[in-house]
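First comes the structure, then the notes that go with it.
The values are calculated or read from the model by the stated rules, or taken from the named source; none is laboratory data. What you see is a predicted model; the values in this text were computed from it and never measured. We place every Cβ from the backbone using ideal geometry, glycine too, and count neighbours over all the protein chains shown.
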Amino acid sequence: MTVSPVVSTDTAPTDSGPDARPVRGASAEPGSRDAGPADTGPAGSPPASGKAAASGVTTSAFDGSRVRVVLMLDVHDGMQQEFLNAYERIRGRVAAVAGHVSDQLCQSLENPTQWLLTSEWESAAPFLAWVNSAEHLETVEPLQDCVRDTRSLRYSVLRETSGDGPADEPATLEVPNGSPRIGGNLVRHALTFTVRPGSEAKVAELLSNYVSPEAHVDDSTRLLRTSLFLHGNRVVRAVEVRGELQTALRHVARQPGVRAVERALDPYLEQSRDLDDPHSARRFFTLAAMPAVHHVASGAPVDDRTRRCALLYPVRPGAGPELARLLARQDAAAVRDARGPVLAATVFHRDDLVVRLVDVDGDPDAAPAAVLGLHDLAGVPEAGRLLETAAAGVDGPLTDADAPARLLAYARMTPLTDRRSAGS
């Protein structure tokens, strides 16, 4: 079980990074001032140490690990019994969600307003599907009026030790994933929403020109980079944050420039919202969330040849989860190829929406199959089964000579903004 963060007039941001020249790589440590607007072109940068980013998989919802979710709640003064009663009414419904294993509700020994709700899930995929669903919003609504603030943390279970064995030989229970993922203190997330047909040009203008928020959030959190893209009437906004994602998003939401552009967008949105209503704002941003389910980086050095692309795949109904897994497998292999063009790739997924953000060494059109995440021919037939290839103008199999180029041209999103903190 989880509870959505409290949203008042501090809405989720339109952007999460100040204007600057786009650079290459998966992340960059920002400096203390903003530069000018970014042009579409080179993208990415190495970490602040100057060393290449750690290679390999750093984020994955597909490693088979059980997931432990830790939700810290601050309950309104005097509403502890009301909160507990609301939890009692909904916990049976949560327990019936596919993939849910258990919940444990705890109250602080020292502070009666501080509560802890932990839940265990069979894997990340069912949890992410649940927490970003309309059903979840409806289920936890009775708790929201009792809660002042929340913070949600999600972990893969790597080891589990029981107390049944001898003191000098504790029993270690078998878990499916034995190795930690290596990476930096970087969180990736995306939001997506649709705008009214015919408003795309105005929306593109709004999202390309606005006052950027301050990069510094607090001593442990900074805004790193935001990349905005448009495909038809769908907007995708991918953010990179060093530190605590929720803290950074709330910081950005308080910025006057961001608040102004969010309100300017309201008339063009297909899903109506009222940012002054916490319930309306919470619903909009929960349903807009696209979690990063897989990220890989090659660790290769950077230069001005790199291009950042976003791809929105034409997914067959019900095939979104399978496609996200396929792309994750393909990317994990692609970054190990020192001669390949893929330097980093992030798969964002919810339901049948699959978006992949990829940093490419050189011209993406020169290697369409690799950029699409279909460099391994063994995965091409499976991709053909999961994609609506006819929508992309591909009449034959994806193994046809011109099929990858046609699919890439169709899936590639139009870049609106690619901004990162200056000085990195």
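A few remarks follow.
- Consider the range 241-273 and keep the residues that are within 21 Å of THR150 (Cα to Cα) and among the charged types (D, E, K, R). The one that is modelled with the highest pLDDT is ARG242.
- All positions within the range 53-100 that are among the β-branched types (Val, Ile, Thr), assigned to a strand (DSSP E or B) and in contact with a helix residue (DSSP H, G or I) (Cβ under 9 Å, 6 or more places away or on another chain): VAL57, VAL67, VAL69, VAL75
- Among the residues making up the range 121-137, a single one is touching a His at 6+ places or on another chain (Cβ under 7 Å) and assigned to a helix (DSSP H, G or I): TRP130.
- Residues in the range 353-375 that are touching a Lys or Arg at 6+ places or on another chain (Cβ under 8 Å) and surrounded by fewer than 17 Cβ atoms within 10 Å (Cβ to Cβ) were compared, and the one that is farthest from ASP303 (Cα to Cα) is ASP363.
- When residues of the range 131-163 are limited to those that are closer than 19 Å to HIS294 by Cβ and under 18 Å from the mean Cα position of the chain (by Cα), the one surrounded by the fewest Cβ atoms within 10 Å (Cβ to Cβ): TYR155
- Condition met for LEU105 (surrounded by 18 or more Cβ atoms within 10 Å (Cβ to Cβ) and outside any helix (DSSP H, G or I)): no
- Extreme residue, surrounded by the most Cβ atoms within 10 Å (Cβ to Cβ), among residues of the range 284-299 that are closer than 18 Å to THR59 by Cα and out of contact with any helix residue (DSSP H, G or I) (no Cβ under 8 Å at 6 or more places or on another chain): ALA297
- Filter result for GLU29 (outside the structural domain of ASP218 (by TED's automatic domain parsing) and modelled with pLDDT under 95): yes
- Condition check for ALA215: crowded, with 20+ Cβ neighbours inside 10 Å, in contact with a Gly (Cβ under 9 Å, 6 or more places away or on another chain) and either polar (S, T, N, Q) or more than 25 Å from TYR313 (Cβ to Cβ) (or both): yes
- Test for GLN246: is it part of a loop (DSSP other than H, G, I, E, B), within 14 Å of LEU191 (Cα to Cα) and in the same structural domain as ALA403 (by TED's automatic domain parsing): no
- Qualifying position, being surrounded by fewer than 20 Cβ atoms within 10 Å (Cβ to Cβ) and at pLDDT below 90, among ARG316, ARG339: ARG339
- The criterion of at least 3 residues that are within 16 Å of the chain's Cα centre (by Cα) and of a type in the set (A, V, I, L, M, F, W, C) is met by the following helices (runs of 4 or more DSSP H) wholly inside the range 251-337: 278-288, 320-334.
- Taken over the range 288-345, the residue count meeting the criterion of being out of contact with any strand residue (DSSP E or B) (no Cβ under 7 Å at 6 or more places or on another chain) and within 18 Å of ASP418 (Cβ to Cβ) is 0.
- Of residues in the range 383-424 being of a type in the set (Val, Ile, Thr) and either outside any helix (DSSP H, G or I) or free of Cβ contacts under 8 Å to residues at least 60 places away in the same chain (or both), the one surrounded by the most Cβ atoms within 10 Å (Cβ to Cβ): THR417
- Residue match in the range 231-243 (condition: free of Cβ contacts under 8 Å to residues at least 40 places away in the same chain and within 27 Å of VAL347 (Cβ to Cβ)): yes
- Test result for GLN104, more than 25 Å from ALA328 (Cβ to Cβ) and touching a Pro at 6+ places or on another chain (Cβ under 8 Å): no
- GLU110 vs. criteria surrounded by fewer than 16 Cβ atoms within 10 Å (Cβ to Cβ), in a helix (DSSP H, G or I) and out of contact with any His (no Cβ under 7 Å at 6 or more places or on another chain): no
- Within the range 198-212, considering residues that are outside any helix (DSSP H, G or I) and touching a Gly at 6+ places or on another chain (Cβ under 8 Å), the one surrounded by the fewest Cβ atoms within 10 Å (Cβ to Cβ): VAL211
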